[in-house]
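This report refers to the structure that appears directly beneath it.
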Amino acid sequence: MAAGKTSLGKRVARELGIPFVDSDAIIVRKHGPITAFFERHGEAEFRRIEAEVIAAELANSEVRILALGGGAVITESTRKLLAGHPVVLLLTTQEAVMRTANIARRPLLRDDPNAWGRIFEERRPLYEEVADVSYRTDRASKEQLARRVAQWARSFRKDTV
């Protein structure tokens, strides 16, 4: 959550010359702002819709970068689908999130900005389960990270391919 998936994903997609898709942006286009959706329908309904959007995107055979929301891995069906795709985990620190994130637009942090560390630790095993590689976004420039991720993506081969 708030590690820079969208901004870095767009840069990597440009570097690779492929499209970029953000699952949260798809949800916003179809259902309105995520914060308002959480308030009206709750997290469980959001996760259900999120899983449907991700499944549809992963079923598309077009090569592209797909950025997922930080909680997408909570859903077991999403984790299973990710096993067939290269997954980059972006890591950051709570301090970096507090400096850069728009907390008002993050329903899980809005009422308790310090919840980031607790949420990350709860999700860490799930992130590690699906990730093929990880990068720290708080230790290099976006340009450096984009080059590193693009280089990794060019050489990546999934064992199941």
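The values are calculated or read from the model by the stated rules, or taken from the named source; none is laboratory data. All of these numbers come straight from a predicted model, not from anything done at the bench. For neighbour counting, all protein chains shown are included, and Cβ atoms are generated from backbone atoms with ideal geometry for every residue, glycine included. Note: areas computed on protein heavy atoms with side chains; ligands, DNA, RNA excluded. Shrake-Rupley method; radii C 1.70, N 1.55, O 1.52, S 1.80 Å.
Looking at Glu15, is it open to solvent by 30 Å² or more (accessible area, probe 1.4 Å), assigned to a helix (DSSP H, G or I) and more than 29 Å from Glu143 (Cα to Cα)? Spell out the reasoning first.
Details: open to solvent by 30 Å² or more (accessible area, probe 1.4 Å): yes; assigned to a helix (DSSP H, G or I): yes; more than 29 Å from Glu143 (Cα to Cα): no.
So Glu15 fails the test.
State all residues of region 80-99 that are more than 13 Å from Lys5 (Cα to Cα) and either modelled with pLDDT under 90 or open to solvent by less than 40 Å² (accessible area, probe 1.4 Å) (or both); if no residue qualifies, say none.
First, pick out the residues of region 80-99 that are more than 13 Å from Lys5 (Cα to Cα): 80-86, 93-96, 98-99.
Across region 80-99, the qualifying residues are Leu82, Gly84, Thr93, Gln94, Glu95, Ala96, Met98, Arg99.
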_One residue from Arg123, Arg64 being out of contact with any Gly (no Cβ under 9 Å at 6 or more places or on another chain) and at pLDDT below 95_ = Arg64
*If you take the residues in region 51-72 that are open to solvent by 10 Å² or more (accessible area, probe 1.4 Å) and β-branched (Val, Ile, Thr), which one is farthest from Pro19 (Cα to Cα)?*
Val53
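Yes or no, residue by residue, for (1) among the charged types (D, E, K, R); (2) assigned to a helix (DSSP H, G or I):
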residue	(1), (2)
Glu39	yes, yes
Leu66	no, no
Gly69	no, no
Val73	no, yes
Arg79	yes, yes
Glu95	yes, yes
